[in-house]
Structure formats: C-alpha cells, structure tokens
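The values are calculated or read from the model by the stated rules, or taken from the named source; none is laboratory data. Remember, it's a predicted structure, so these values are computed and weren't measured experimentally. Ideal geometry is used to build each Cβ from the backbone, glycine not excepted, and the neighbour counts take in all protein chains shown.
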Amino acid sequence: MCKGRPDRSTGIEERLLRRTRRHDTGGMRTTPLIGEKVWFGPRRLGWGLSPESIEGWLVSATAVALTFVAARTWPAHPLARRLPMIALVVVAVTKGTSPGGRRTRSALVATRATTG
C-alpha cells in the first residue's frame, strides 16, 4: 500500500466517488466565500449574479444610491463615482455563488433541492 492512499479493499474510494457524483455541481460554487447565507446567485436571464435575498437587494440599492450621490457631489472625480459599484462587485463575489446563466441557476436549484 502506498503512503497517503487508502486501502482499495475497504471501498472508501468508491463511496467517496459516489458521494462526489451525487452532489457534483460541475465546479460551481454553491456557498458564499464569507458566511453561509447566499446574497447573490446566478441570473435567470443573461450571465452574472443577481440579488437572491433581502440583504443582496439592500446592498444593490445602496450602491446605486451612493453612485448618484457621488456623481452629484464630486462630478470631477471619476473614482468617487465608481467606488460604490466596485464595492458592490466585491460584496457580490464574496457573498454570492458562482456567476452564470439559466443552466447554472437550474443546477444550483437542483443542488439545493437534493442537499436540503
């Protein structure tokens, strides 16, 4: 038996392989990088992320409002106008699943249904 490899006679590899196949998401991240609640998920139309929870909607609305305020307050500073949207992208990536479209969303819904 090689070091670091399980004994094939125990069937551990087969059980792990079956478990992996059953919950395989094709490399899609189904949980956020930070925390457990998903704020953003795959879009229904197009490609990307859209708000999935009230927190996601609140963050999105706040970013849009801050962008308008920054554009009126500091019209000569392009970074000030872009900063709220950059923050929104960072929050969406850290509190969302993998981005995608209709197929990714269907796979995520199926995965949630099978895992509870």
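Numbers for the structure displayed
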quantity	calculated
Test: W74 is touching a helix residue (DSSP H, G or I) at 6+ places or on another chain (Cβ under 8 Å), at pLDDT 90 or above, closer than 19 Å to T115 by Cα and not small (G, A, S)	no
Scope the stretch 40-74; condition among the polar types (S, T, N, Q) and closer than 30 Å to R103 by Cα; matching residues	S50, S53, S60, T62
Filter result for the condition that a residue is loosely packed, with under 11 Cβ neighbours inside 10 Å, closer than 21 Å to R105 by Cβ and modelled with pLDDT of 85 or more, over E52, E36	E36
Top-ranked residue in the stretch 58-84 [being surrounded by 14 or more Cβ atoms within 10 Å (Cβ to Cβ) and hydrophobic (A, V, I, L, M, F, W, C); ranked as farthest from W39 (Cα to Cα)]	A71
Residue satisfying condition, being under 16 Å from T30 (Cβ atoms), in a helix (DSSP H, G or I) and without any contact (Cβ under 8 Å) to a residue 12 or more places away in the chain, within set A107, A113	A113
Count of residues meeting criterion [touching a Ser or Thr at 6+ places or on another chain (Cβ under 7 Å) and farther than 20 Å from G48 by Cα] in the stretch 66-116	1
